[in-house]
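Before any comments, here is the structure.
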Amino acid sequence: MFLEFLGLEFFIGDYTEIKITKFMKKVLLFGALFAFLGLAAYAQDEETVTDEDLTKYANVEVTFDNYVNSKTDELKAMILENEIFQGGGRYNEIKAAWGDEAKMTEAEVTDEEKAAFEEVKEFQGSLQGVLKEYKTNLIMDEEVLGAGTYNKVLAATKADPAVQEKLDTMIAEMKAKQEAEKEDTSEPTDGK
């Protein structure tokens, strides 16, 4: 009654309720923590990289490498097969003088050569974007690889050197097989 008189009865009741609420929050937080740890352990099991994942990833790397090689060959052809560059020798002279008007004048670079050189430079400048787009499309295509598989394999190769070594071996074997197939198709047959 004395507490009623002072108005503290409500205060004690509110204080007890606050303590119970804090206790419940701690219990819920503790439970949520254990649930999260359980999910994390489950997710790690889900993140196991399979041989199929590695094969898909290796195939993308080999396919991309082939594409880079084809674009490099295209660039070489632009230079070597262009009559203006005389098999590439004149291209190298222009490249050495490019950007320095005195050297350009000394090398007697013509407007036609400047235009041809600009075309090559433009192609070179576009290559990075073209290559990035090509690889992104390979990665994002679920039938080829898929972003989830790409990220899973990438994480596994960073976390485990044995996975990286296995992937490197697969890539090397795929490239060797392609080279052997190229040699088989390029060898002339004698009709027997």
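The values are calculated or read from the model by the stated rules, or taken from the named source; none is laboratory data. If you're wondering where the values come from, they're calculated on a predicted model, not measured in any experiment. When we count neighbours, we look across all protein chains shown, and the Cβ atoms used for this are built from the backbone with ideal geometry, even at glycine. Only protein heavy atoms, including side chains, enter the accessible area calculation; ligands, DNA and RNA are left aside. Shrake-Rupley method; radii C 1.70, N 1.55, O 1.52, S 1.80 Å.
Computed quantities for the displayed model
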| read-out | value |
| --- | --- |
| Index of the failed condition, K192 passing every other in (1) modelled with pLDDT of 95 or more; (2) among the basic types (K, R); (3) more than 23 Å from T50 (Cβ to Cβ) | (1) |
| Residue check for K103: under 27 Å from D65 (Cβ atoms) and in a helix (DSSP H, G or I) | no |
| Hits in segment 67-123 - residues which are acidic (D, E) and more than 30 Å from N137 (Cα to Cα) | E81, E83, E93, D100, E101, E106, E108, D111, E112, E113 |
| Residue that is farther than 30 Å from Y57 by Cα and open to solvent by less than 60 Å² (accessible area, probe 1.4 Å), where the choices are E113, E101, E119 | E113 |
| Scope segment 48-98; condition part of a helix (DSSP H, G or I), among the polar types (S, T, N, Q), open to solvent by less than 60 Å² (accessible area, probe 1.4 Å) and closer than 15 Å to F117 by Cβ; matching residues | none |
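Here is a yes/no grid of residues against (1) open to solvent by less than 70 Å² (accessible area, probe 1.4 Å); (2) part of a helix (DSSP H, G or I); (3) within 30 Å of V60 (Cβ to Cβ); (4) among the β-branched types (V, I, T):
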{"site": "E133", "(1), (2), (3), (4)": "no, yes, yes, no"}
{"site": "L145", "(1), (2), (3), (4)": "yes, no, yes, no"}
{"site": "N151", "(1), (2), (3), (4)": "no, yes, yes, no"}
{"site": "T157", "(1), (2), (3), (4)": "yes, yes, yes, yes"}
